[in-house]
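Q: Structure provided below as structure tokens; questions to follow.
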């Protein structure tokens, strides 16, 4: 037979075993295991939100400014690499990949005819839109002088023989391109009685004009402004 002390010791051991078993069950049951339908809903929700984030991230991608990019490899800049202006033209192309000498000459030729005709017709509105304030004041001064004397020009641009690069500068993103226009014009000035007092209405003369155009090549505005003129 067990003594009283042996029985008490057995009870204590059994009690400790029971406590240990309960503790292990609690640990096991307290953990989430197996399949839970709510997990699928959470996963679907996460995937949906993740998809939205991807789309939003794509929408919020900041495109690099042209000045942060390199010039387009193999870009045709419209002039030889041996030209003293090649480096400056290449830098402008880094900002505006559409820029090259040929396209600039096309625009400059158009602007040359437009500005001259506006000047000869005393069209101040057109001149203001294309000239810097300083150049406009110079043109406007000549127009006012003609108006004061009741004189008017009778000029005509016959052709542009050639356009040559004279200088190219880039300061920051501010580009200045100077070109020389060699053209033929008929030029005459008439008084209030329509009598020619200067020039010849029947014979063209060869003219050389050197104009400087300026533009911030970071700007979305593609237009160049005439900032300086002189005769060649």
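A short reminder: the numbers here are calculations on the coordinates, not readings from a lab. It should be emphasised that the depicted structure is a prediction, and the values quoted were computed from it without experimental measurement. Heads up, the Cβs are rebuilt from the backbone with ideal geometry, glycines too, and the neighbour counts pull from every protein chain shown.
Q: With (1) in contact (Cβ under 8 Å) with a residue 40 or more places away in the chain; (2) assigned to a strand (DSSP E or B); (3) within 28 Å of the chain's Cα centre (by Cα); (4) surrounded by fewer than 16 Cβ atoms within 10 Å (Cβ to Cβ) as the list, and residue 201 as the residue in question, which single condition is left unmet?
A: (3)
Q: Could you go through region 158-177 and let me know if any residue there is out of contact with any helix residue (DSSP H, G or I) (no Cβ under 8 Å at 6 or more places or on another chain) and surrounded by 16 or more Cβ atoms within 10 Å (Cβ to Cβ).
A: In the first step, residues of region 158-177 are kept if they are out of contact with any helix residue (DSSP H, G or I) (no Cβ under 8 Å at 6 or more places or on another chain); the result is 158-159, 161-162, 164, 166-167, 171-172, 174, 176.
Adding the requirement that they be surrounded by 16 or more Cβ atoms within 10 Å (Cβ to Cβ) leaves 176.
Taking every residue of region 158-177 in turn, at least one turns out to be out of contact with any helix residue (DSSP H, G or I) (no Cβ under 8 Å at 6 or more places or on another chain) and surrounded by 16 or more Cβ atoms within 10 Å (Cβ to Cβ).
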